[in-house]
Amino acid sequence: MRIRTKLAFLELVLIVGFLITLSVILFYTNSIIKLKDFELHSNTVMSSLKQMNSETRALLTTQEPLIELIVTWTQMISEFEQELNTLSDFSAARVLTKDQQSQLYQTTGWW
């Protein structure tokens, strides 16, 4: 082989290697971004659950009318269910492992 063809072949190998490396980096970066989005959504669900828990504790000592308590309580439960459903339907959940996905579906199905 002539030197010119060897150099062209080497340049081609370098370009292909660079493109493969770039695509791998983009794939893993995309997975990390999806996991962070999933983390943010799960933190929203957890804060909603904590709020519902604190409201439940406040039921023991409150002096509010029963109708207001019922309305507030049902509204909190419906908001929590909506957030939980959006978490289970979240597209980034597929980056979780199969065991984590099954735990998520069992938890949301149980609720």
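Quick note: the coordinates plus some simple rules give every number you see, no bench work behind them. Here the structure is a predicted model, which means the values were calculated and not measured. Using ideal geometry, Cβ is built from the backbone for each residue, glycine included, and neighbour counts are taken over all protein chains shown.
Placing unit charges on each Cβ (+1 for Lys and Arg, -1 for Asp and Glu) gives the chain a dipole about its Cα centre, and among Leu35, Gly109, Leu49 the Cα reaching farthest toward its positive end belongs to Leu35.
Assuming a viscosity of 1.002 mPa s and a temperature of 20 °C, what translational diffusion coefficient in µm² per second does Stokes-Einstein assign to segment 1-63, Rh being the Kirkwood radius over Cα pairs? Let's see the in-between values first.
Working: Rh = 16.6 Å.
Diffusion coefficient, whole number: 129 µm²/s.
Checking the cross-link filter: which lysines have an alpha carbon closer than 23 Å to that of Lys50, excluding same-chain neighbours under 8 positions apart? Excluding near neighbours in sequence, the set is Lys36. Taking every C-alpha pair closer than 8 Å and separated by at least 6 residues, the mean separation divided by the residue count of segment 21-111 gives a relative contact order of 43 percent. About its Cα centre, segment 31-71 has a charge dipole of approximately 220 debye under the convention of +1 per Lys or Arg Cβ and -1 per Asp or Glu Cβ, with nothing else charged. For helix 3-58, what angle does its Cα long axis make with the longest principal axis of the chain, in degrees from 0 to 90 and rounded to 10? Helix 3-58 sits roughly 0 degrees off the main axis of the chain. Among [x] 0.92; [y] 1.40; [z] 0.98, find the value of Rg/Rh (Cα atoms, Kirkwood Rh) that was calculated from the structure presented, and write down its label. Structure-derived value, by its label: [y]. What's the magnitude of the charge dipole for the chain around its Cα centre, counting Lys and Arg as +1 and Asp and Glu as -1 at the beta-carbon? Answer in Debye, nearest 20. Charge dipole, the chain, about its Cα centre: 1120 debye, nearest 20.
Along the axis of the charge dipole computed for the chain (Cβ charges of +1 for Lys and Arg, -1 for Asp and Glu, origin at the Cα centre), the listed residues Val95, Ser78, Ile3 are led at the positive end by Ile3. The angle separating the long axis of helix 66-88 from the principal Cα axis of greatest extent in the chain is about 10 degrees.
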